[in-house]
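Quick notes on the structure that follows.
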Amino acid sequence: MANSATNRTNKKRTKKPRKFTMAMQKKLLLIFALILFLLIILLLRIAYINVKSGKKYAKQVLSQENYDSRTLVSRRGEIQDTNGRVIAYSEKKYNLVLDCSAINQDAKNFLEPTVKALNEVFDLDRDEIRDRITGEKTKDSQYQVLKENITQEQKDAYDAYVSLDEDRDLTQAERKELQNVQGIYFEEKYQRQYPLGSVASTVVGFSNDIGDGISGIESYYDSLLKGTNGRVFGYLNENQEYQKKTIVPQNGYTIKTTLDLNIQQIVEKYIQEFDDEYGTDEDNGTAKHGAKDIGVIAMDPDSGSILAMATNHSYDLNTPQNLDDWYTKSEQKDMSDEEYVDALNTLWKNYCVTDGIEPGSTFKPMTIAAALESGAITENSSFYCDGGEQVTDTYIRCDVWPGAHGEESLGDVLKNSCNDGLMQIGAAMGVSKYIEYQSLFNFGHLTGIDLPNEAGGSVYTQERMNEVELATCTFGQGFTCTMIQEIAAFCSVINGGNYYQPHVMERVLDENGKVIQNNSGLLLKQTVSSNVSELIRSYLELTVEEGTGTKAQVPGYRIGGKTGTAEKIDYTTGTRAAGKYLVSFIGAVPIDDPQVVIYVVIDEPNVSDQAHSTYAQEVFRKIATEVLPYMKIYPTEEVSDELLASLGLTRDDLGENAVQTFDAIDSNGNYHTDARIQDGKIVDGDGNVIDGVYINEENHVIDAVGNDVFTITGAAAIVDNETKADNPDMATPPAATDDASDSSTVWDGTALGDDSSAGTAQ
């Protein structure tokens with residue numbers, strides 16, 4: 001058995017392998033030939049289909065692709081002043097883009113002609129261009145931005161360089177070389193330009209590189225200014241034919257503002273003058289400005305139109321991130337990201353609408369108007385000031401304490417800025433009526449001005465206001481408001497009782513100049529009667545003629561206004577910040593028929609003794625002296641030598657004789673911000689005649705592009721006399737002394753109530 005098994009095993013091991021016979025070879029060859037034949041048939045069929053129906057199938061393939069080739073950028077709309085002068089516009093620029101892959105498809109022929117063209121037209125380094133085209137990381141790129149912000153003139157120069165027009169005298173070799181310039185194209189964009197730099201910066205604001213408004217009008221009206229981008233793309237029509245379609249971009253609307261650049265620049269000039277006069281140079285090289293904050297608003301009281309609005313935190317809108325005027329290079333370098341952002345936000349803020357302040361005595365006209373309107377007092381009411389008022393357990397002093405104003409009429413109370421009289425008026429009204437009228441004047445509410453980041457201020461509710469808070473709020477301390485709230489309320493008091501919504505947009509125009517939207521002034525409510533308004537105007541005129549506002553007088557004009565000196569709160573302690581004051585003045589001209597209201601606030605002037613509204617009055621007077629003739633508001637009153645002496649002026653120093661500068665574009669397109677009239681000619685600050693600018697028969701200055709840039713209001717506008725500085729006699733603030741009354745508490749500026757405190761007001 002064992003042998004049998006062994007024999008079977010051996011048989012298996014000795015089995016012969018199968019041979020690849022001739023028949024099998026023939027069979028395999030036949031199969032291969034058949035496959036080859038079928039393949040040839042398939043290729044022929046594909047070729048046939050391609051010839052006959054290739055376009056059809058190509059279209060079907062192409063129909064699945066995305067044909068959005070490029071975006072057509074819309075032009076952002078202009079921002080203009082009320083006279084049509086351009087404040088902001090968008091200039092067409094280009095990015096110079098390289099398609100490296102296209103050049104490298106035939107680098108032998110394309111590279112050097114392309115490099116040469118870029119070098120000769122744009123003065124770019126040949127080696128850098130060559131490295132960009134052939135570099136390992138960029139050679140296959142279809143998008144390499146070689147140079148940004150190419151002007152139209154530069155692009156035109158390139159187009160002329162590569163032009164193959166028949167009228168060009170080119171050799172065959174030159175034509176071939178130009179034909180080999182490949183892979184260069186221009187990406188269209190718009191760059192925002194602000195030709196006046198820092199003028200009206202906090203109102204106008206700026207937009208970023210991608211065309212989004214960041215602050216000011218640029219931000220508030222961003223959707224109107226921006227427009228709608230267009231697009232170029234391909235598609236297949238109903239016949240399966242490829243077509244190219246262009247959706248034309250819709251350019252942004254133009255915002256024509258209520259701002260008058262002539263008034264705006266006058267305002268900014270005197271803000272800068274104050275900064276220069278009272279600012280100092282610190283050892284670290286950073287200039288200390290004349291005040292922590294300065295704000296000025298000029299408003300049309302009969303429409304709510306903002307004629308000018310400025311702060312001392314102006315900045316060049318073309319370089320909005322430049323902090324050099326406020327911080328040294330070393331300080332900027334040491335800033336954290338958070339500190340840097342905070343510094344920029346501080347620079348960009350519009351103090352006039354974003355910051356809450358205690359208005360001080362500029363609020364008193366509203367208190368008196370409310371009391372008259374409510375019937376709590378009459379024009380025949382009288383008051384007695386004995387230096388202060390005992391309110392519950394707190395004695396609140398008048399500004400003249402330990403002196404006293406004595407017997408006063410209602411007009412005397414405002415003229416003397418008597419806190420004692422105001423507290424008596426508030427007590428006659430009571431908390432309920434006071435709160436009602438404070439709200440009616442829109443304190444505690446947004447005005448709705450068309451600027452971003454408006455603050456609403458902080459006022460007491462009826463539930464939280466007690467007698468002490470009522471007393472201090474009557475003279476403008478213990479609550480906060482913004483400058484725009486204060487001036488809007490004041491305008492309603494002096495214009496007959498009409499409260500207009502403040503606004504900076506006058507019209508919205510399309511690119512053809514068609515009016516899309518118009519804003520001539522929105523009357524929101526009636527605050528007081530015309531009779532009450534007339535009384536308040538008479539009291540305000542008395543205040544400027546005989547009271548606390550005499551330094552605000554403009555010789556020859558009837559002016560009414562009110563001073564304000566508010567002791568500030570230190571919010572870290574909740575008490576009054578000793579020695580830190582906000583001083584202000586608000587005035588209307590002419591007071592019998594107000595056409596302009598100017599409000600000046602100086603927050604912590606850079607002086608050792610801050611508590612004097614005189615600083616604000618002087619700024620008001622200087623601004624009004626130039627603004628009024630420009631607005632064709634002419635003097636109506638005789639000017640006495642006594643008045644001039646009190647203001648530290650001579651007759652040669654009257655405003656009509658002050659040098660007035662304006663902006664003008666010359667025949668070469670250059671912007672002059674220091675143009676003036678001299679000897680009947682228009683000259684720059686150095687006395688050089690400005691070409692293309694002239695005076696027409698109506699005494700208007702017309703610049704080279706047709707802008708009406710200045711109105712001559714007096715012969716003296718052509719002389720060069722500088723306005724003399726004032727040397728006012730400033731009253732000494734009351735000294736802190738002990739009160740002789742039996743009161744357990746003497747009001748000395750410490751916190752009163754849960755979240756409010758009070759201090760002296762003038």
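Here, each number is a calculation from the coordinates, and none is a lab measurement. From a predicted model like this one, the values you see are computed outputs, not experimental measurements. Every residue, glycine as well, gets a Cβ built from its backbone with ideal geometry; the counts of neighbours run over all protein chains shown.
Spatially, the stretch 591-645 and the stretch 164-227 are offset by 45 Å when compared through their Cα centroids.
Taking other Cβ atoms within 10 Å as a rough exposure proxy, L540, L307 sort from fewest to most as L307, L540.
Would you mind working out the magnitude of the charge dipole of the stretch 295-414 relative to its Cα centre, with +1 at each Lys and Arg C-beta and -1 at each Asp and Glu C-beta, to the nearest 20 Debye?
On the way: 5 positive and 22 negative charges, 27 e Å.
Charge dipole, the stretch 295-414, about its Cα centre: 120 debye, nearest 20.
Tally Lys and Arg at +1 and Asp and Glu at -1 over the other residues with C-beta under 11 Å from the C-beta of R168: what net charge comes out? Local net charge: -4. How many angstrom separate the Cα center of the stretch 370-388 from the Cα center of the stretch 521-575? Here the two parts' Cα centres lie 17 Å apart.
Calculate, for D316 and E128, the FRET efficiency according to 1/(1 + (r/R0)^6) with r their C-beta to C-beta distance and R0 30 Å; round to the nearest 0.05. In this case the efficiency is close to 0.45.
Note on N699 and E187: their simple-model spin labels are 5.6 nm apart, each label 7 Å out from Cα toward Cβ.
The slack in the chain from T636 to I41, taken as 0.36 nm per residue of separation less the alpha-carbon distance, amounts to 203.5 nm. Here the peptides 156-162, 113-119, 243-249 are ranked by packing, the mean other Cβ count within 10 Å, and the order with the highest first is 113-119, 156-162, 243-249.
Computed from the C-beta positions of D708 and Q250 and an R0 of 35 Å, the FRET efficiency is 0.70 to the nearest 0.05. Full extension of the segment from Q595 to N466, taken as 0.36 nm per residue of separation minus the current Cα-Cα distance, would add 42.6 nm.
Under the simplified labelling scheme, the S608-S382 pair shows an inter-label distance of 4.4 nm, with each label point 7 Å from Cα along Cα→Cβ. When each of M24, M483 is scored by the number of other beta-carbon atoms lying within 10 Å, the sequence from fewest to most is M24, M483.
Quick one: length gained pulling I31 to E273 fully straight, 0.36 nm per residue minus the C-alpha distance? Each step should come with its number before you reach the end.
Working: separation 242, 0.36 × 242 = 87.12 nm, distance 10.23 nm.
Roughly 76.9 nm would be gained on extension.
Highest mean first, the peptides 349-362, 76-89 sorted by other C-beta atoms within 10 Å per residue fall in the order 349-362, 76-89.
Using Cβ contacts closer than 10 Å as the measure, can you line up D592, D686 from fewest to most? Don't skip to the end; give the middle numbers.
Values: D592 13, D686 6.
Sorted ascending by nearby Cβ count, the order is D686, D592.
Extending 7 Å from Cα along the Cβ direction at K139 and again at T71 yields two label points whose distance is 3.3 nm.
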